[in-house]
Amino acid sequence: MEINFYESELFYISREKKIHSSIPSHHYHDAYEILYIISGELYYFIGDRTYQVVSGVLLLINMNEVHRLINSNGAEYERVTLLFKKEALQSLLPEAEDLDLFDYFRSDSNAVKLRGHEQNFVEDLFDKIIREDTSNSTNSASSELYVRLMLMELLIFIKRKFDNGHNDYFIESNRTYRQISQIIHHIHENYNQRLALEDISKKFYLSLSHLSRTFKESTGFTFIEYVNNVRAREACSLLKSSKLTVSEIAELVGFESQTHFGRIFKAIVGIPPLKYRKMNQSE
């Protein structure tokens, strides 16, 4: 298990890779919680709803809301868990009554899907918060204030995202739940191979129309959108950590041509592959 975290009296954030959850099957906190899935596929039961959460999904959990993590495939996943009490932001909260940054924690819609560039923004913000504990240990007062300001920035971003419309991820624990879970697991295991909706429908004995509809309803993505997001995320990792050419990476993650890879990568991440590599290598 790999874990990085930052902790203070009113605030906790961790980024971890794991297979089994270390938390009780059902639990709750007297704090607000934000969960973010970096990679993998999980299910969260919140209140009386089951949410399928995949890469790029934010979950908002209200104080004292009972919730449960479900890792049906037992596969490795990476997530960010952020817990905070309202008092952590009390001195920073605006006086305006119409700017309620906690309203969506209390709503019936707890999930929001982020686009590629939004994922980069949020993940960078999480990483800066986690790193702050060690990078500014000699000045704890300024470090604590900076963390609170970044939390405020995150909440404002989430509020704007919800205000502008969002996708809700709600599915029941039924046959559809199990089928889509199996298909997503298959995608993660075979993203570097040819993946066509027609082939998947035959493999899982589903009609094309039923698979297309239920996949979109369950994940918020079309089948090809989800496949491309998985491939783009893997490409990001290779661009940062390897010396492989863009053409080699495109082939390794399942794209048939560098041109197609470049177009899809830019649409999801927001910048071309070479620019992404340059920006990340200069950090």
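Only one of the numbered conditions (1) outside any loop (DSSP other than H, G, I, E, B); (2) at pLDDT 70 or above is not met by residue 50, and that is (2). Restricting attention to the range 199-238, which residues are over 24 Å from residue 267 (Cα atoms), surrounded by fewer than 14 Cβ atoms within 10 Å (Cβ to Cβ) and without any contact (Cβ under 8 Å) to a residue 12 or more places away in the chain? Within the range 199-238, 199, 202, 205, 207, 208, 209, 210 meet the criteria.
The values are calculated or read from the model by the stated rules, or taken from the named source; none is laboratory data. These figures come from a predicted structure and were not determined experimentally. Heads up, the Cβs are rebuilt from the backbone with ideal geometry, glycines too, and the neighbour counts pull from every protein chain shown.
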